[in-house]
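The values are calculated or read from the model by the stated rules, or taken from the named source; none is laboratory data. If you're wondering where the values come from, they're calculated on a predicted model, not measured in any experiment. As a convention, Cβ positions derive from the backbone with ideal geometry for all residues, glycine included, and neighbour counts pool all protein chains shown. The area values use the complete protein model at the heavy-atom level, side chains included, leaving out ligands, DNA and RNA. Shrake-Rupley method; radii C 1.70, N 1.55, O 1.52, S 1.80 Å.
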Protein chains: 2
Amino acid sequence: MFDMEPEVLERFTWYMREQSALTIMFHTKVAEQMGLSATDEKCLDLAMRADGPLTAGRIAELSGLSTGAVTGVIDRLERAGFVRRVRDPHDRRKVLVEVTAGDLAKFAHLFEKAQQSLVQVLSRFDPDEIEVIERYLQLQIETFRKAVINT
Amino acid sequence: MFDMEPEVLERFTWYMREQSALTIMFHTKVAEQMGLSATDEKCLDLAMRADGPLTAGRIAELSGLSTGAVTGVIDRLERAGFVRRVRDPHDRRKVLVEVTAGDLAKFAHLFEKAQQSLVQVLSRFDPDEIEVIERYLQLQIETFRKAVINT
DNA sequence: TCGAACATCTTAGCCGCTAAGACAATTCCT
DNA sequence: AGGAATTGTCTTAGCGGCTAAGATGTTCGA
């Protein structure tokens, strides 16, 4: 479609890298403040972002952990009150991990500062510009997902 | 500056979250393929993104690890040929961690697919739109860094 | 010059992870 | 239907990285 000077790509690469590093730091901090390990928080996030409840095995697949490790993760998350084990009535071998919404509200304040930053940033762009940015983010996420998952 | 419908914020929050999750997965995969733990790769990234060589202690601060853990990290990175320990000539207590550029080139291909995705995404935007997106990313990174670091 | 402060390394103990196998439920095949 | 193979989760042993505390070597100030 459009050509691009190499400097543009170079700058965007830097943005990506910087964003990555910040994301990982943020992730670490959030986990810490919730009293969880980064691994546990990562699995909790998977469970929250999923459509329905995930099974233990699916969490293992998505997180890249062994099933044994996931047993431990769920134990800790359950003990901390973030999730609940429910046996799947249609296949009683399976364990469904239900996120208990209640306890999560306690940690909303952790994301409030991030949310506020976002509002502040977005206020600097008019509706047309917002539309461009959204298109970029959507495309970037979609493309990156394909690239990451098939690696 | 500009007002915003709540749905816009909601959508952007979702983008951020999705990007975070993908970033963390990507980071895990890259580390794995380099034969490093996520922790080691994170520290290597810190060392690479810094202006000059970092000291071991500074890496501990930036990564949130204990100094003892950082000793282990540097041991492994050094053994794998990614970095080199150099004693600071001005203060011989300090250990400077120099990234040895050579061995890193071997892993460029890991980022190639990500780079290609980026080019593909950017080709869908004209120069004016690119400018908007860059302004957004710069602002977002800057604002987020302040929010994260002072938490 | 000597003691305090500093930077890194070492060590002990803990905890999470992997791999392998146990156990329970389900599906398949005849 | 009934036994074997498969599937999903949990248990366990062993390994390795992390923290905290203290050891070692270096610098700085009085």
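Quick note on region B:1-78: its Rg to Rh ratio, both from C-alpha atoms and Rh being the Kirkwood radius, is 1.18. Among the chymotrypsin sites (Phe, Trp or Tyr not before Pro) in region B:1-40, those placed in a DSSP loop whose Cβ has at most 13 other Cβ atoms within 10 Å are B:Phe2.
Note on A:41-50: average number of Cβ atoms from other chains within 10 Å of each residue's Cβ is 2. Phi angles of region A:56-65 translate, via the Karplus equation with coefficients 6.51, -1.76, 1.60 and θ = phi - 60°, into HN-Hα couplings of 4, x, 5, 5, 4, 4, 5, 8, x, 8 Hz per residue; Gly and Pro are given as x. Across A:Lys146, A:Lys113, the residue with the most accessible area heads the list, and the full order at a 1.4 Å probe is A:Lys146, A:Lys113. B:Ser20 contributes about 40 Å² of solvent-accessible surface, heavy atoms of the protein only, 1.4 Å probe. The mean count of C-beta atoms from other chains within 10 Å of the C-beta of residues in B:110-118, rounded to a whole number, is 5. Mean sequence separation of contacting Cα pairs (under 8 Å, at least six apart), scaled by the length of region B:37-99, corresponds to a relative contact order of 36 percent.
When B:Arg124 is represented by a point 7 angstrom out along its Cα-to-C-beta vector, the spacings to that point in the other copies are 2.5 nm, nearest first. In chain A, the longest principal axis of the Cα atoms and the axis of helix A:108-122 are about 20 degrees apart. Note on A:Met34: accessible area is roughly 20 Å² with a 1.4 Å probe, heavy atoms of protein only. Distances between copies at A:Asp51, taken between label points 7 Å from Cα along the C-beta direction, are 5.1 nm in increasing order. When the expected Rg is taken as 2.2 N^0.38 Å, what fraction or multiple of it is the alpha-carbon Rg of region B:1-138? The value comes to 1.34.
With respect to chain A, whose longest principal axis is taken over its alpha-carbon atoms, helix A:6-33 is tilted by about 30°. Label point of B:Arg85 (7 Å along Cα→beta-carbon): distances to the other copies' equivalent points are 4.5 nm, sorted ascending. For chain A, the longest principal axis of the alpha carbon atoms and the long axis of helix A:38-49 meet at an angle near 80°. For the set A:Lys113/B:Lys113; A:Lys106/B:Lys29; A:Lys106/B:Lys113; A:Lys29/A:Lys146; A:Lys42/B:Lys94; A:Lys146/B:Lys106, the pairs lying more than 30 angstrom apart at their alpha carbons are A:Lys113/B:Lys113; A:Lys106/B:Lys29; A:Lys106/B:Lys113; A:Lys42/B:Lys94.
The mean number of partner chain beta-carbon atoms within 10 angstrom of a residue's beta-carbon across peptide B:89-100 is 0. Building the convex hull from the alpha-carbon atoms of the protein assembly as shown and averaging its projection over directions returns 18.4 nm². Ellipticity at 222 nm from helices only: DSSP H runs of n ≥ 4 in the protein assembly as shown, each -39500 (n - 2.57), divided by the residue count, give -22000 deg cm²/dmol.
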